[in-house]
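Below you'll find the structure, written out as C-alpha cells, and then a few comments.
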Amino acid sequence: MLTNSVNNWRRTKYSREVKPEISGEEVTVMGWAHEIRDLGGIIFVLLRDRDGIIQITAPSKKIDKDLFENLRKIRKESVIAVKGIVQNSPKAPGGVEVIPHSLAVLNEYKQPLPLDPTEKVRAEIDTRLDSRFLDLRKPAVNAIFKIKSRMLHSIRLFLEENEFLEINTPKLVASATEGGTELFPITYFEREAFLGQSPQLYKQIMMSAGFDRVYEIAPIFRAEEHDTLRHLNEVISIDIEASYMNHEDVMDILEKLVVQAIKDVRKNCSAQLDVLGHELEIPATPFERIRYEDMIDLVNSEGVSLDYGEDMSRAAEKAMGEIMGGYYFIIDWPSSIKPFYVMPDEKNPEKSFSFDLMYRDLEISSGAMRVHKHDLLVDRIKKQGLNVDSFEKYLASFEYGMPPHAGWGLGAERFNMSLTGVNNIRETVLFPRDRRRLTP
C-alpha cells in the first residue's frame, strides 16, 4: 500500500524494543528498507530505524497474497511501516522477526543510490559527505553521533552538579578574542564584524558579574587554512570559567569530567561502541602532568627537533603520543606563545600557569589561570602587539573588582574522536565545514 501520509499508523516499538520476551505481540515498526532478499517462496526485509535493524519475514503460505506481492515491489531505502506479530527466530537480528499482516510504503527512494548504506560498496569520505543524509543512515556513522549526544549530556550533568551555570555568549563580535588573523569577517549593517573565535572574553566578564562558575557548549569559528584530519573551521567548544580557582583546580575539574563522560558512554553506548569495534578504557586519575621543558626533551630524544619557545609541531605531537598514550597534561607553557589573558608565573614570568590536555597525539583541551589585574592585562595586550582600544569593553570589567579565576575550553569533536576511535574529525560532525566544504 503506497500512501502519502502516516494516516492512523503510529510506531509502537523501535527495533531495540522488539525482543524475544514479547513474542506473540502485535507491533508497528517504521523505518527504511535496509535490505530485501526475495527467495521465491519467502521474502526477508531488514527494516532499519534509529536504533538498529529488525527482520520482517514474509512466507508466501502464511500471509496475504497481495501483501506478499507488495513486499516484493519494495525498493531498497524506501520508507515503510509494517504491522505484524513478533516471533522468536534465533537466526534473525536480535533473535526475533516480525510476521507482517499490513504494509504501508510511506515514500519510495530514487534509484540508483549515490552510496550504499549497507556498506557492501565502500565510498570515499568526500562522496560520503556529498550525500551525508545517506551516509548518516549507516549504523557505524549513526553510532558516532549517539556517542556524541551521550557525551554532551554527561558533561552538562557533571557541570550542573558542580554548580556551573549555563550561559550563551554572542557569536557576532566586534573584535578578535585572541588576536591574530584567524577570523571570519562579516558585514554587520554599516560596519565590519566577525564570527566568534571563542567565548573567552565573555566568560571572564561573567566572573566580574559575580556568576562564579559558568559553562557554555556552543559553536566557535576559526579561519585557519588547515587541511588536516584534526582541524575544522566550525566546531563545538565546551567552555568553563570559575572564580576563586587557579589552573590546578580547573585541571582537576577537567579530568573528572572526562572520566565521568567516558564511564557514561561505556555504560549507555555499549551497542554503539560494539558497532564501531572500539574498546573504551577508563583512564586512571590523576592524569600525568608533563612540564613543557620536559616535553621538549622527550621529543628531542625521539629525533624530533623542537626548541624552547616553539609550539608543538605535528611531529612532536606524534612523538608524544607514542611515548605517553592515553590522556595527559602538558603544563607550564611559555608565556610568549599563550594568549594575553593567560597568567604568567609571578616567580618566573617567562612561564605561564597554563596547560593542554592531550589524548595520545591529539590536543583536546587548553586552559589556564587568567590575568585578573587590569594593568597587567593591558601590559600583556600591548606586548602581544594588539590594540588596547579594541578591548575597551572587556577591560572595563577588570577595573571594578575582578576576582581571580581560571578556565578551559574542550573541543567536543576531538574529545569524541577519543571516545569513538575515529581518526578524521569530519566523521564527528554532521555537516563539517573546512576550507573546501560549505555544503551540504
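Numbers for the structure displayed
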quantity: First in the range 264-286 and touching a residue at least 60 places away in the same chain (Cβ under 8 Å) and part of a loop (DSSP other than H, G, I, E, B), second anywhere and surrounded by fewer than 17 Cβ atoms within 10 Å (Cβ to Cβ) and not basic (Lys, Arg), Cβ under 8 Å, 6 or more apart; calculated: Gly277/Gly421; His278/Gly421
quantity: Conditions (1) loosely packed, with under 14 Cβ neighbours inside 10 Å; (2) closer than 30 Å to Ser237 by Cβ; number of the one not met by Pro112; calculated: (2)
quantity: Filter result for Met251 (out of contact with any helix residue (DSSP H, G or I) (no Cβ under 6 Å at 6 or more places or on another chain), surrounded by 18 or more Cβ atoms within 10 Å (Cβ to Cβ) and free of Cβ contacts under 8 Å to residues at least 60 places away in the same chain); calculated: no
quantity: Every residue from the range 127-159 that is hydroxyl-bearing (Ser, Thr, Tyr), farther than 20 Å from Thr420 by Cα and assigned to a helix (DSSP H, G or I); calculated: Thr127
quantity: Test: residue in the range 2-16 that is touching a helix residue (DSSP H, G or I) at 6+ places or on another chain (Cβ under 6 Å) and buried (at least 16 other Cβ atoms within 10 Å of the Cβ); calculated: no
quantity: Test for Glu293: is it over 30 Å from Glu160 (Cβ atoms) and either among the hydrophobic types (A, V, I, L, M, F, W, C) or touching a residue at least 12 places away in the same chain (Cβ under 8 Å) (or both); calculated: yes
quantity: Subset of the range 175-198 that is hydrophobic (A, V, I, L, M, F, W, C) and under 26 Å from Ile337 (Cβ atoms) - its residue that is modelled with the lowest pLDDT; calculated: Ala176
quantity: Strands (runs of 3 or more DSSP E) wholly inside the range 317-369 containing at least 2 residues that are among the small types (Gly, Ala, Ser); calculated: 362-369
quantity: Residue tally, condition over 28 Å from Ser313 (Cα atoms) and surrounded by 20 or more Cβ atoms within 10 Å (Cβ to Cβ), over the range 206-240; calculated: 6
quantity: Pairs, first farther than 16 Å from Arg380 by Cα in the range 394-405, second buried (at least 16 other Cβ atoms within 10 Å of the Cβ) and among the basic types (Lys, Arg), C-beta under 7 Å, six or more apart; calculated: His405/Arg370
quantity: Neighbours by Cβ (under 8 Å, 6+ apart or cross-chain): first from the range 111-126, in a loop (DSSP other than H, G, I, E, B); second surrounded by fewer than 10 Cβ atoms within 10 Å (Cβ to Cβ) and modelled with pLDDT under 85; calculated: none
quantity: Only one of Ser60, Ser78 that is in contact with a Gly (Cβ under 8 Å, 6 or more places away or on another chain), of a type in the set (Ser, Thr, Tyr) and in contact (Cβ under 8 Å) with a residue 12 or more places away in the chain; calculated: Ser60
quantity: Subset of the range 395-417 [in a helix (DSSP H, G or I) and buried (at least 19 other Cβ atoms within 10 Å of the Cβ)]; calculated: Ala412, Glu413, Arg414, Phe415, Asn416, Met417
quantity: Condition met for Ile63 (in the same structural domain as Ile99 (by TED's automatic domain parsing), crowded, with 16+ Cβ neighbours inside 10 Å, aliphatic (A, V, I, L, M) and in a loop (DSSP other than H, G, I, E, B)); calculated: yes
quantity: The range 25-57, residues that are closer than 19 Å to Pro90 by Cβ, without any contact (Cβ under 8 Å) to a residue 60 or more places away in the chain and in a loop (DSSP other than H, G, I, E, B); calculated: Leu39
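The values are calculated or read from the model by the stated rules, or taken from the named source; none is laboratory data. Computed from a predicted model, the values in this text were never measured in an experiment. We place every Cβ from the backbone using ideal geometry, glycine too, and count neighbours over all the protein chains shown.
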